[in-house]
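See structure below.
The values are calculated or read from the model by the stated rules, or taken from the named source; none is laboratory data. These numbers come from a predicted model, not from an experiment. Cβ placement follows ideal geometry from the backbone for every residue including glycine, while neighbour counts extend to all protein chains displayed.
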Amino acid sequence: MKIIVMMKQVANKDAILRVNKASTWIEEADLSWEVNESDGYALEESLRLKEKHGGEVIVCSMGPQRVKGVIKDALARGADRAIHVVVDDLNQFSPYASASVLAEAVRNEQPDLIMTGLQSDDYGYAQTGVIMAEILGLPHATIVIEIDASAEKLRVKRELESGWYQWYTMPRPALLTIQSGISQIRYATLKGIMAAKKKEIKEIMPSGEAATLQPHQRIERIYLPEKQKQTQFLGNGDAKAGAVALAEKLRNEARVI
């Protein structure tokens, strides 16, 4: 079984975030970075499937050279090789553009399974994996918390609302987006770190139409919440008149009644 795991590098959860001068995103110069949480669980699940059924695990990540940190950690945990899609500025990519570039990067690998995290910790769109599945013509399942690949078809358990779950049977190849907490993530061992130095990291550049896609959306402005306080005295000391005025404001201005 050939499994490709899509992994994204995001700002460390404990990092102090500052809005950049253009107010279009956070200031990245002094940030520390880590692997996106749900992508880490996707990698762990792929390694467990490889241990049960054999095969190969390939990591694919997009971004500047600092993304090598995520890739090397994944290789040290047990992935066999990696694909690095070299892009200097990820902020210019919408979910559709990202999915298009990544789909082209892995298309020729013809994997049996593609795994992504449910969503990224920075943007949180939860769209890239789903759009990838559509571009590649693959069936997909989201919010997956358990995978049974012992039969010809996949059986996956999905988390639904209000504590409900769903078992779903689907053909291969397929794409799954993995929920955080699906399993216990392993640490890289010293042996794994040494072995990772000999594993292949293939660098590619976005090509074709995917490289020139115009974003379907853009961030106009990022800013800290603005504190505003307005006090109004209603009724001029008359409780009944104040109640009537309050009801009118709740109905016409706040629109809650």
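Some observations on this one:
- Residues that are outside any loop (DSSP other than H, G, I, E, B) and either modelled with pLDDT under 80 or hydrophobic (A, V, I, L, M, F, W, C) (or both) within segment 198-235 comprise ILE201, ILE204, GLY208, GLU209, ALA210, ALA211, THR212, listed in sequence order.
- Scanning segment 188-196 finds no residues that are within 21 Å of THR128 (Cβ to Cβ), in contact (Cβ under 8 Å) with a residue 12 or more places away in the chain and either surrounded by 14 or more Cβ atoms within 10 Å (Cβ to Cβ) or among the aliphatic types (A, V, I, L, M) (or both).
- Residue match in segment 45-58 (condition: under 17 Å from the mean Cα position of the chain (by Cα) and surrounded by fewer than 16 Cβ atoms within 10 Å (Cβ to Cβ)): no
- Among residues of segment 64-81, those that are crowded, with 20+ Cβ neighbours inside 10 Å and not in a loop (DSSP other than H, G, I, E, B), counted: 8
- Among the residues listed as GLY124, GLY78, GLY69, the single one being within 29 Å of ILE193 (Cβ to Cβ), of a type outside the set (A, V, I, L, M, F, W, C) and at pLDDT below 95: GLY69
A quick yes/no check of all residues on (1) over 17 Å from ILE3 (Cβ atoms); (2) hydroxyl-bearing (Ser, Thr, Tyr); (3) exposed (fewer than 14 other Cβ atoms within 10 Å of the Cβ):
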| site | (1), (2), (3) |
| --- | --- |
| SER98 | yes, yes, no |
| GLU104 | yes, no, no |
| THR142 | yes, yes, no |
| ARG155 | no, no, no |
| GLN166 | yes, no, yes |
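- Within segment 221-257, being under 30 Å from ALA97 (Cβ atoms) and either over 35 Å from the mean Cα position of the chain (by Cα) or touching a residue at least 60 places away in the same chain (Cβ under 8 Å) (or both) holds for ARG221, ILE222, TYR223, LEU224.
- Candidate set: segment 236-257, residues that are of a type outside the set (Lys, Arg) and part of a loop (DSSP other than H, G, I, E, B); chosen: the one surrounded by the most Cβ atoms within 10 Å (Cβ to Cβ): ASP238
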